[in-house]
Amino acid sequence: AQSVTQLGSHVSVSEGALVLLRCNYSSSVPPYLFWYVQYPNQGLQLLLKYTSAATLVKGINGFEAEFKKSETSFHLTKPSAHMSDAAEYFCAVSPNAGKSTFGDGTTLTVKP
Amino acid sequence: DTAVSQTPKYLVTQMGNDKSIKCEQNLGHDTMYWYKQDSKKFLKIMFSYNNKELIINETVPNRFSPKSPDKAHLNLHINSLELGDSAVYFCASSQELTENYGYTFGSGTRLTVV
């Protein structure tokens, strides 16, 4: 069985500040890990994914995430927040590219 | 070209009615899903089909019935709608068990039961 915990249902940062969204996972087999973004009134869009290759994964819109097996974490970061980054972010885990389990989501607010 | 398209985008209906939501994907993916997103944005899987075969059927009332006429289509029919069915329903597709794995979502259907 697999599960995902996103720490912090709401994160607020100032424009230009570092964005850090936390995700911890539990999986009985080597996992595939994902971050998705959902803008208001839209579907989810894949930001990036870890598939057992490089542990530092770069995604779209300047986001990246690092897989840390020892910490069972896959935190999402962006060096400088932009107003357009305000959205809902979901972490997801999948065992060997099977069914994905989603976290509860983190709402990112970016203040001017 | 839209990769995963759902219709309708909005659906307002009265309690007790029967309604359907349609989903089509043009990505050639083998697997399609229905997810329900509630007012707190929690995502819950409802069904999954792989090549027209039902492979995931979570604890969903049997008023909900998915149908997949072919691997590019997955429709959701809901009988006797209830107030608690109000939510956003997302269709998604993926190519499981491959390095290209990852979900492609439709834009959602906002169902409001009054």
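What follows draws every value from the coordinates through simple rules; no lab data is involved. Note that the structure is a prediction, hence the values are computed from the model and not measured. Counting neighbours? That spans all protein chains shown, and the Cβs are built from the backbone with ideal geometry, glycine included.
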Q. Roughly how crowded by other chains is peptide B:103-111, in terms of the mean Cβ count from those chains within 10 Å of each of its Cβ atoms?
A. 4
Q. Given the alpha-carbon gyration tensor of the protein assembly as shown, what are the semi-axes of its equivalent ellipsoid in whole angstrom, ordered largest first, with each equal to the square root of 5 times an eigenvalue?
A. 30, 21, 15
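Would you mind giving the mean number of other chain beta-carbons within 10 Å of the Cβ of each residue in A:43-51, as a whole number?
Averaged over the peptide's residues, the number is 5.
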Q) How do B:S93, A:S73, B:S5 rank when sorted from fewest to most other Cβ atoms within 10 Å of their own Cβ? A) B:S5, A:S73, B:S93
Q.
How would B:H77, A:H75 line up from fewest to most surrounding beta-carbon atoms within 10 angstrom?
A. B:H77, A:H75
Q) Just from the alpha-carbon atoms, what are the Rg and Dmax of the range B:1-77 in angstroms? A) 12.8, 36
Q.
Counting only other chains, and only Cβ atoms inside 10 Å, what mean value do you get across the residues of B:70-80?
A. 0
Q: Compute the Kirkwood hydrodynamic radius of chain A, taking the inverse of the mean of 1/r over all pairs of distinct Cα atoms, and give it in Å to one decimal.
A: 13.9
Q: Could you check the simple spin-label distance between B:L83 and B:T2, using points 7 Å along Cα→Cβ, in nm with one decimal?
A: 3.1
